[in-house]
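Novice: Have a look at the structure that comes next, please.
Read the figures in this text as sums done on the coordinates, not as results from a lab. Keep in mind the model is a prediction, meaning the values are calculated, not measured. With ideal geometry, Cβ positions are generated from the backbone for all residues, glycine too; neighbour counts draw on all protein chains shown.
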Amino acid sequence: MKFSLCVFFLAASSANGFSTRTTAGNRGSVISSLSATETETPMSRTKTKAPVFDEVCDTTGVTLTRFMNEVAMLNPELRELTTLFGAIDTACKAMTNLVKRSQLPSSETLGYQGEVNIQGEDQKKLDVITNDLLKRALRFTGRLGVLASEEEDVPVDLIGSSTSDSQEIVIEEGEKYVAVFDPLDGSSNVDAGIPTGTIIGIYEHSENCDIDPECVDDECTEQEAQCLANTLQPGTNLVAAAYCLYSSSTFLALTLGNGVYIFTLDETIGEFVLSKPNVKIPDECNIYSMNEANFEKWDKPLKDVVTGWRTGTGKSGERFTSRYIGSMVGDVHRTLLYGGVFGYPGDTKNVNGKLRLLYEGAPMSFIMEQAGGISSTGKERVMEITPEYVHQRIPVVMGSKNAVQEVLDAYAAEE
């Protein structure tokens, strides 16, 4: 057993942005507190308390650094979270440059690594590079106990690298958070320059993770297993979730349990600035995003609903259009802004769907629900599912409230 004592703060130095200043004396009058009792609904209930925000957090042009500092000042219990988001900020900037430069012959980052990940998928070179980059950025915050990644067959070794032969799991003793992530969602599209992204979920580290430095053999293994089980938490335990979208601009969307805030990278100053505060997805929509090549393999309730959307005979009476990128981050980002339904349902070939609950389904569901949408497997709320293993897959249907509810009603009627 090794314990890393290396603590390194990745501070994102920045200008304060174009924020509206408030004084300590009048700040109390503009604070927006969305406590659990005030916002709780059956589809948005979480076990974590929503933080307090003030008008600075809703002022466009404020940098991510200033935003997180304001959150930490109003919510001291989240102060250490600002360090994690400093690392996420830095990692996303580095990854957007990797993605943008990947098309250049000199970059040598396109194509396959020649290895297969735990999912049975051929790894792109950028999968490996971005996985290692994000691992290192999060590790050096000194705030993480355990990490789990799509590209790793076990919770991530915090000391080794993606090229290490060591399978030893190194658990940081006494640290506060657990991070789960998909380092480059949609990487199969990167060679064609189609939008890709990074998905991150953050949980609190269990106080039960207490490893005795004097333990031996099986006793140590049992204690390690208890700590690694920290990654197997339902989405209702998330304290934060975020995604970075690498597209026409680089976007960073985050939720701390009090709404969704979207930042856009201003490359002239090298900072993420708040562009869309407190995003709310429209309840009504006429767009759906699913791989219709699998239509005949879907469950009958879903096929019936989608047929109604296609023909304008559904509950809304409106004819829907289909918009499918094939990158979850890209499709969900558009769905949040314009309204719609994103789905990767199960089918006769992949009964449990293909999206991973832990580091795709749960974090993106947290973001979707915080924006006022719904996320479900069709039969149960994604956020309430406790993973049985790290790479568990689930079907997902998420988006605008009324359209997703139509899907849920169809499954309920069948039962």
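Novice: According to a simple spin-label model (label point 7 Å from Cα along Cα-to-Cβ), what is the distance in nm between Ile194 and Lys379?
Specialist: The answer from the label model is 3.0 nm.
Novice: Something else about it: I need Met290, Met95 ordered by Cβ neighbour count within 10 Å, fewest first. List each step's numbers first, then the result.
Specialist: Values: Met290 20, Met95 24.
In order of increasing Cβ crowding within 10 Å: Met290, Met95.
Novice: On to the next question. How do Asp54, Asp127, Asp331 line up, fewest other C-beta atoms within 10 Å first? Walk me through the numbers before you get to the answer.
Specialist: Numbers: Asp54 21, Asp127 25, Asp331 28.
So the ranking, lowest neighbour count to highest, is Asp54, Asp127, Asp331.
Novice: State the volume of the convex hull built on the alpha-carbon positions of the range 277-362, expressed per residue in Å³ and rounded to an integer.
Specialist: Details: hull volume 9.1 nm³, N = 86.
Enclosed volume per residue, from the Cα hull, is 106 Å³.
Novice: Between Val351 and Lys49, what's the calculated FRET efficiency when r is the beta-carbon distance and R0 is 35 Å? Round to 0.05. Write out the running numbers ahead of the final one.
Specialist: Numbers: r = 37 Å, r/R0 = 1.05.
E between Val351 and Lys49, to the nearest 0.05, is 0.45.
Novice: Would you please give the FRET efficiency between Glu388 and Ser249, computed as 1/(1 + (r/R0)^6) with r the Cβ-Cβ distance and R0 = 41 Å, to the nearest 0.05? Could the numbers behind the result be given before it?
Specialist: Values: r = 38 Å, r/R0 = 0.92.
Plugging the Cβ-Cβ distance into 1/(1 + (r/R0)^6) gives 0.60.
Novice: Enumerate the whole-percent occupancy of each 10 Å bin, from 0 to the last occupied one, for all C-alpha pair distances of the range 287-414.
Specialist: 14, 49, 34, 3, 0
Novice: Based only on other Cβ atoms within 10 Å, what is the fewest-to-most ordering of Ser249, Ser375?
Specialist: Ser249, Ser375
Novice: Taking 25 °C and 0.890 mPa s as the conditions, I'd like the Stokes-Einstein D for the range 354-415 in µm²/s, using the Kirkwood hydrodynamic radius from alpha carbon pairs. Kindly include the intermediate steps, with their values, before the conclusion.
Specialist: Working: Rh = 11.7 Å.
In µm²/s, the coefficient is 210.
Novice: Would you mind pulling out the separation of the Cα centroids of the range 238-295 and the range 44-99, in Å?
Specialist: 14
Novice: Give, in nm to one decimal, the length gained when the segment between Ile269 and Lys315 is fully stretched (0.36 nm per residue of separation minus the Cα-Cα distance).
Specialist: On the way: separation 46, 0.36 × 46 = 16.56 nm, distance 4.74 nm.
Here the segment from Ile269 to Lys315 would lengthen by 11.8 nm.
Novice: Next question. Measuring from label point to label point, each 7 Å out along Cα→Cβ, what is the Asn97 to Asn294 span in nm?
Specialist: Reported label-point gap for Asn97 and Asn294 is 3.7 nm.
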